[in-house]
Amino acid sequence: MPQPPRALTDFVAEATEILETLGRDVLTLDESRSGEVDPDLLNGIFRAAHSLKGLSAMFGLEQLSKLAHRVEDVLDALRLGKVPLDDALIDSLVESLEVLNALLAEAAHETTTPGLASRGEALAERLRVMGEGPVAAAVDVLDHIGLDPQIRAVFTEYEEHRLRENVKKGVQLYKVRAVFSLSDFDQRLNALNATLKPMGEVVSTLPSTQPGDESSIAFDLIFGSAVPATKIESTIAGAATVESLTRALAAPPPSAPAWPTPSAPVPLHPQTSAPQRGVLEQSLRSLSQTVRVDISRLDGLMNIVGELLLIRSNLQRLAETTKQPGVTVMPKAWGNELQREARALERKLDELQKGVLDARMVPLVQVFDKLARLMRRLVRESGKLVDFEVAGGDVELDKLIVEELSDPLMHLLRNALDHGVELPDSREAQGKARKAKIRLNARQQGNQVVIEVGDDGNGMDEARIRQVAIERGLVTAQQTYEMERRDLLNLVFLPGFSTRTDVSELSGRGVGLDVVKTNLARLSGLIDIDSRRRRGTTFVLTLPLTLAIIRALMVEASGRTYAVPLNSVLEIVSVRAADLQTIERREVIEVRDHTLPFIRLSRVFALPEKPMERYFVIIVGLAQQRFGLAVDSLLGQHDIVTKPLSGRLRDIPGISGATELGDRRAVLVLDVGALMEDLLRPQSAVI
Amino acid sequence: MSRFQEQLNRFFYDADEQVGPFLDLAPEIDASNLALPQETPEDFLAFSLEGEIYAVPISQVREILKVPPLTEVPRAAGNILGLMNVRGDMLPVYDLKRRLQLVDVAPVVRSAADVPRGARVVLVHDAQGDAGIFVDQIEGVVKLVLSRLEVAPNLGLERNCIAGLGRKGDALFILIDLGLALA
């Protein structure tokens with residue numbers, strides 16, 4: 001497969017980052033809509049769209065650059081106050097970001113998705129119509145404030161707009177005149193700006209029309225502020241003079257709306273039709289494999305490498321001393337010294353390992369932002385009222401895990417919205433607030449990260465779960481009577497389980513919670529349910545901080561070595577062959593009054609078996625049941641680095657990867673849960 | 001070819017490379033050859049399996065390795081001999097003999113001790129990633145002209161993964177379609 005050119009990869013990485021920032025900013029924009037919109041935020045978004053346009057045009061990605069261009073135009077219009085910031089606009093922006101992401105994915109993989117191009121075109125057209133917007137109010141408030149026409153002539157369109165906004169707010173306009181020495185005017189101007197900023201808005205900075213003497217330069221800052229002139233003067237402490245610009249009675253002009261109420265709205269409402277949706281049902285994983293690393297972390301690594309080099313030269317010197325003729329080495333002293341170096345080496349290697357792992361960590365906010373964007377759309381489409389709360393985005397996880405997490409989390413959130421929370425009316429009838437809550441939060445707990453996806457909806461109905469599980473033949477009625485509530489709830493993780501009879505638009509696409517569980521298992525993570533009737537459901541995901549290095553138990557079966565990740569092992573017992581019993585000719589063992597299936601690893605893997613007197617049994621928990629996996633011997637614990645198997649071998653159930661031990665032979669890493677699950681499916685009769 | 005590459009090519013296009021008009025002036029070139037442009041032979045890596053000589057395009061070969069220790073992969077497809085560790089990459093090693101129906105039972109290879117001295121693993125790469133092929137002996141590199149390859153006769157084999165036959169003197173080289181052979 002030809003590697004994409006490096007420049008393209010760089011572009012994709014950069015564009016992805018821009019899109020991420022854009023997404024975040026648009027959400028902030030949406031939140032800040034009720035109050036005053038920070039012009040800096042708008043400008044930031046505008047600039048990001050602009051650079052995206054430029055970048056994609058440079059790479060000849062026409063569709064991408066065209067759409068980015070339209071987005072930029074609309075944002076420019078927004079920035080200049082030509083179009084109002086309303087739902088339709090935000091929706092279009094969010095949708096554009098999605099399409100831009102999809103287009104970028106196309107570019108990255110050099111593929112084309114049918115329908116995407118036309119969707120982009122349609123969106124671009126919609127944005128174009130929006131961007132033109134209704135023409136600004138005929139009455140220009142600026143005509144009323146008696147601004148020196150000479151000054152007004154030099155204002156840019158944007159500055160005029162800001163000025164108009166300020167006038168509309170009814171604040172005073174001042175001309176702040178500052179005279180600075182030519183030698184340090186830039187610093188002092190910045191300082192002045194910083195002082196003024198908290199009190200209002202510096203609309204424009206103009207070099208003064210009446211310059212000072214030869215060694216100094218004067219500036220007129222057009223400043224809008226609600227603070228009286230005297231107060232401003234005292235704050236800036238004589239750095240400049242303040243003069244009121246507006247007429248004495250600068251009462252806010254008759255509040256003619258700056259834009260006519262859109263009586264004939266532009267055809268833009270996001271009545272997203274079905275075919276359009278399909279395009280967006282894609283993974284939330286990022287396109288780029290890049291991790292941004294703080295330079296200080298790299299510096300730290302570099303330092304460690306430096307110290308390692310020092311140890312190497314020490315070792316070299318030690319080796320040399322033994323080789324020199326005529327020098328008798330005291331074996332004991334030499335050995336001690338060698339040991340000291342070995343210890344130093346070990347310490348430094350530990351630090352290096354830790355440093356490299358740190359560099360792989362990225363904050364969860366990367367995924368949370370994307371999820372928030374998606375949820376915003378889904379909530380609007382669902383007709384439910386939902387407050388989406390996100391917390392703990394600053395928790396850091398291995399980049400690999402963060403990427404793999406996005407799809408399971410998306411699924412859980414969709415479930416919460418679709419199956420969890422009720423419609424507003426139904427909530428009111430139950431005496432709950434009309435607006436439901438869906439929470440997504442993360443926190444670190446020791447070596448693990450706990451992520452919770454919760455809702456305050458109806459909770460899970462275990463009677464219904466039991467009924468469905470029996471209907472689908474997943475369990476027998478008899479079995480369910482012995483189950484506790486928790487076990488019943490866990491049935492939803494079985495493949496082929498879905499309680500909703502109708503296939504919903506949001507979450508019922510044939511994949512269920514079993515996929516979420518499998519994905520998590522691949523990350524050595526666990527999932528648990530806490531559900532209370534009428535109070536809501538919370539899914540609790542527990543994940544290791546990093547995937548790169550895990551602790552594993554090395555076991556041997558028929559002379560072959562396998563690695564079993566320790567986090568999947570509940571306990572290890574030793575049983576005598578004589579204590580084995582059979583039920584319907586299947587072997588079982590008894591562990592503390594519980595009867596567990598006894599499964600021989602050698603037999604599962606069709607390896608030649610030899611009779612043993614004693615077996616080591618690894619107890620593995622899987623949903624509501626426990627199993628004993630028998631191996632011939634235990635070889636101890638190791639820290640292992642799991643390498644994924646190449647494409648052709650990826651889909652063997654029960655094997656999650658391979659690792660190398662000292663002798664460089666590949667050792668398979670078992671995914672015991674998946675192995676058991678695979679064995680216990682009715683169709684497989686291996687045991 | 002990506003659009004990006006096209007742009008690069010266009011950018012680096014050099015008119016001097018068009019030598020067409022000058023060919024007429026060159027005395028050695030004989031007219032019949034000009035009409036049918038000479039096809040450059042391609043390099044193939046030849047190796048033997050159970051006494052027959054097979055070949056794969058050298059462009060698909062990454063390296064030739066001594067047989068490393070192999071780890072069996074339980075529950076994997078039957079033509080996978082095992083997993084090898086190549087500088088930290090865990091790659092599958094395939095047995096072609098069973099696929100080509102040269103033998104009925106795949107050889108058991110767990111380490112170099114199980115195989116004859118000449119045996120090697122040829123590391124190839126295709127769209128699905130890298131993989132090793134276990135071979136009895138490396139025969140060397142052979143140049144074959146693509147247009148002169150024969151189509152393999154129908155010998156009643158079920159799934160044919162033979163791309164064609166090449167001849168060089170008396171030797172017969174059986175070309176393997178790797179994508180099919182490793183499927």
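Computed from the coordinates by the stated procedures, all read-outs in this text should not be read as laboratory data. Keep in mind the model is a prediction, meaning the values are calculated, not measured. Cβ: placed from backbone, ideal geometry, glycine included. Neighbour counts: every protein chain shown.
Run the quick spin-label model on A:Arg312 and A:Met58: label points 7 Å from Cα toward the beta carbon, then report their separation in nm to one decimal.
Modelled inter-label distance: 3.7 nm.
Sorting A:Met361, A:Met58, A:Met375 on the 10 Å Cβ count, fewest up front, what's the list?
Final ranking by Cβ density, sparse to dense: A:Met58, A:Met361, A:Met375.
Using 0.36 nm per residue, how much length does the chain from A:Ser181 to A:Arg592 gain when fully extended, once their Cα-Cα distance is taken away?
Length gained between A:Ser181 and A:Arg592: 139.2 nm.
Under 19 Å Cα-Cα from A:Lys332, which lysines qualify once same-chain neighbours fewer than 8 residues away are excluded?
A:Lys323
Between the stretch A:447-470 and the stretch A:551-611, how far is it from one alpha carbon centroid to the other, in angstrom?
Cα centroid of the stretch A:447-470 versus Cα centroid of the stretch A:551-611: 32 Å apart.
Quick one: if you stick a label point 7 Å off each Cα along the C-beta vector at A:Leu385 and A:Glu482, how many nm between them?
It is 4.8 nm.
What are the trypsin sites (Lys or Arg not before Pro) within the stretch B:84-119 that DSSP puts in a loop, where the Cβ has at most 14 other Cβ atoms within 10 Å?
Those that pass, being in a loop and sparsely packed, are B:Arg87, B:Arg117.
In the stretch A:544-644, what trypsin sites (Lys or Arg not before Pro) fall in a loop by DSSP, with at most 16 other Cβ atoms inside 10 Å? Don't jump to the answer; show the numbers that get you there.
Values: sites: A:Arg551, A:Arg560, A:Arg576, A:Arg585, A:Arg586, A:Arg592, A:Arg600, A:Arg603, A:Arg614, A:Arg626; in loops: A:Arg585, A:Arg592.
When the trypsin sites (Lys or Arg not before Pro) of the stretch A:544-644 are filtered for loop state and at most 16 Cβ neighbours within 10 Å, A:Arg585, A:Arg592 remain.
Residues of the stretch A:627-659 with amide nitrogen under 20 Å from the 7 Å Cα-to-Cβ point of B:Glu63?
A:643-647, A:658-659
Give me the one-decimal nm value for the distance between modelled label points at B:Leu180 and A:Leu661, 7 Å along each residue's Cα-to-Cβ direction.
Result: 4.2 nm between the two label points.
Under 19 Å from the Cα of B:Lys143, which lysines turn up, not counting those fewer than eight places away in the same chain?
Candidates past the 8-residue exclusion: B:Lys168.
For the stretch A:509-597, which GluC sites (Glu not before Pro) are in a loop by DSSP, counting at most 15 other Cβ atoms within 10 Å?
Details: sites: A:Glu556, A:Glu571, A:Glu584, A:Glu587, A:Glu590; in loops: A:Glu584.
Answer in residue order: A:Glu584.
Can you work out the FRET efficiency for the pair A:Val293 and A:Asn43, with r the C-beta to C-beta distance and R0 = 30 Å, to the nearest 0.05?
Working: r = 28 Å, r/R0 = 0.95.
Efficiency for this residue pair is about 0.60.
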